Amino acid sequence: MIYQKHLQEINIMLRSMFTAISSLGLHQTYLDVVADNLANANTTGFKASRLAFQNQFAQVLGSGSAPSEALGGVNPTQVGLGVQLGFITSDFTQGTKQTTGRNLDMAIEGDGFFIYQNGSDFSYSRDGALDIDSEGYLINLGTGQRIQGWTYELGDTTQDTNRPISSIFIDTNSTLAQATTNNVLSGNLKSTTPIYVTDPTDPTLPAGITTTTDTDEATVTSTFGIYDSLGVMHSVTVDFLRTGEHEWSWNMTDPAGTGSGTITFDESGQFDSATGIDSVTFAGSDGAQDLDFSMDLSNLTMLSSASDVSQSNQNGLAAGSVTDLYTAPNTGEVYVVYSNGLKARAGQLAVARFTNPSGLMRAGGNMYEAGLNSGDAMVGAAGTGGRGLIAANSLEASNVDMAQEFTNMILAQRGFQASSRVISTSDEILQELVNLKR
């Protein structure tokens, strides 16, 4: 009987030792998770992992019994056999937005992932640090993978995000010009300029008004430049001929016969009305569209000061080359900026959303791949379908809480120490049982 009792005690000691061993391994894993989180405390877009323990199955020493008429029920008697890993999963809460001031740095505010091409497959990431490679594609700075979205032709005004996504190409060697569509003239037409007449003896002319039969004496000339669709400047000359007390006619003499009209002033010498301002059309340079622009004469006056009519504004631009790129806030549209001040939309980033982001597989390099339990990627434009907005000139910081991780480190250390102590104690008791033979 004494020998059998010793065997039972040995079995109990071995059970406690193996239970403690299972705890040692798990607390080592716990410490591995903490170490990985702390190591990535400054990794762009990193999502911290969290770990949960589960108890193992228990050994039933007594199954218990149900209540009877004479006796109450007895609970089962069970001894737990250790601990096991419940899960390790990523925490996809939002990280802090860090402003970098760099035009091609982007962060997602809300749910969603940037999409990168990884060979024939796609990778997903919260890391939006981008650059342009030697071939003109937008890539991730760390991995070189090409970001996915929609590329637009220069001049496109429509936005179709229902098209399949592809690598975004930016033509940094492109040039862009803008044709003049509106031309503004400002200045003064001298009020003492003689009125042009063909018959100076006409009795209907107002008394005291100076007249002339010489068109040169009654004409004010203005020369200015406008641009066609290829950015070529064309010299334009307009003659203003005084034809009445408050009326002038204007005629475009170079190119000849391309536009004409009249302009009238009130008694204060201020602009009253004009005609013919929408009729200025002529051919552009070889290969360019015909010029078609309006003449805004509303800034002209007719006062006693000297005549001086000049171009104050026109919206055409000579050809310019690419000088910079920037991303529009919220939408993720990528714009090309030219040296002449023009900008053109070149592309738009796509954003993917998953039903269960925690089901994604970590692939290294701040990248994730679709997992068996993540669901399929739902691709669309930022700000649609529950996808987050894109913050320009910023990167998303790691969401690791260092204070919590150091606390977890202490918990893992103490758990490991406690389990080690159980093993030491079990060993001491086993030694005592062995010494009973002596």
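A few remarks follow.
- Looking at Leu189, Leu185, just one residue is of a type in the set (A, V, I, L, M, F, W, C), touching a Lys or Arg at 6+ places or on another chain (Cβ under 8 Å) and under 30 Å from Ser305 (Cα atoms), and that residue is Leu189.
- Candidate set from the stretch 351-364 (those that are small (Gly, Ala, Ser), part of a strand (DSSP E or B) and surrounded by 15 or more Cβ atoms within 10 Å (Cβ to Cβ)); member that is modelled with the highest pLDDT: Ala352
- Qualifying residue in the stretch 176-192 (condition: closer than 26 Å to Leu349 by Cα and either assigned to a loop (DSSP other than H, G, I, E, B) or not β-branched (Val, Ile, Thr) (or both)): yes
- Filter result (surrounded by 15 or more Cβ atoms within 10 Å (Cβ to Cβ) and not small (Gly, Ala, Ser)) within the stretch 170-189: Ile170, Thr175, Leu176, Gln178, Thr180, Asn183, Val184, Leu185, Asn188, Leu189
- Residues being surrounded by 13 or more Cβ atoms within 10 Å (Cβ to Cβ), of a type in the set (S, T, N, Q) and either touching a Cys at 6+ places or on another chain (Cβ under 9 Å) or farther than 15 Å from Pro255 by Cβ (or both) - total across the stretch 274-304: 5
- Restricting Asp228, Asp216, Asp202 to residues that are over 31 Å from the mean Cα position of the chain (by Cα), buried (at least 17 other Cβ atoms within 10 Å of the Cβ), of a type in the set (Asp, Glu) and outside the structural domain of Ala352 (by TED's automatic domain parsing) narrows the list to Asp228.
- Failed criterion for Thr172 (all others in (1) assigned to a strand (DSSP E or B); (2) β-branched (Val, Ile, Thr); (3) under 30 Å from Leu104 (Cα atoms) hold): (1)
- Strands (runs of 3 or more DSSP E) contained entirely in the stretch 251-323, each with at least 3 residues that are farther than 30 Å from Lys343 by Cα and within 48 Å of the chain's Cα centre (by Cα): 271-274
- Condition check for Ala48: more than 19 Å from Ser426 (Cα to Cα), surrounded by 12 or more Cβ atoms within 10 Å (Cβ to Cβ), at pLDDT 90 or above and in the same structural domain as Leu85 (by TED's automatic domain parsing): yes
- Some residue of the stretch 157-179 being within 29 Å of Ala129 (Cβ to Cβ) and in contact with an Asp or Glu (Cβ under 9 Å, 6 or more places away or on another chain): yes
- Criterion: of a type in the set (Phe, Trp, Tyr), at pLDDT below 95 and within 22 Å of Thr143 (Cα to Cα) - qualifying residue of Tyr326, Tyr338: Tyr326
- Every pair of residues 6+ apart whose Cβ atoms lie under 8 Å, when the first sits in the stretch 388-414 and is in contact (Cβ under 8 Å) with a residue 40 or more places away in the chain while the second is among the basic types (Lys, Arg) and assigned to a loop (DSSP other than H, G, I, E, B): Asn393/Arg102; Glu396/Arg126; Ser398/Lys47; Asn399/Lys47
- Filter result for Gly119 (surrounded by fewer than 20 Cβ atoms within 10 Å (Cβ to Cβ) and without any contact (Cβ under 8 Å) to a residue 40 or more places away in the chain): yes
- Test for Gly144: is it small (Gly, Ala, Ser), over 30 Å from Gly284 (Cβ atoms) and either assigned by TED's automatic domain parsing to the domain that holds Phe282 or in contact (Cβ under 8 Å) with a residue 40 or more places away in the chain (or both): no
- If you go through the stretch 36-60 and keep only what is closer than 25 Å to Ile21 by Cα, without any contact (Cβ under 8 Å) to a residue 40 or more places away in the chain and not in a loop (DSSP other than H, G, I, E, B), you end up with Asp36, Leu51, Ala52, Phe53, Gln54, Asn55, Ala58, Val60.
- Pairs where the first residue, in the stretch 202-219, is at pLDDT below 90 and the second is hydrophobic (A, V, I, L, M, F, W, C), C-beta under 6 Å, 6+ apart: Ile209/Ile195; Thr211/Ile195; Thr211/Val197; Thr212/Ala218
- Only strands (runs of 3 or more DSSP E) whose full extent lies in the stretch 61-166 are considered here, and the ones with at least 2 residues that are of a type in the set (Ser, Thr, Tyr) are 83-90, 121-125.
The values are calculated or read from the model by the stated rules, or taken from the named source; none is laboratory data. Because the structure is predicted, anything quoted here is derived from the model rather than measured. All Cβ positions, even for glycine, are placed from backbone atoms using ideal geometry, and neighbour counts span all protein chains on display.
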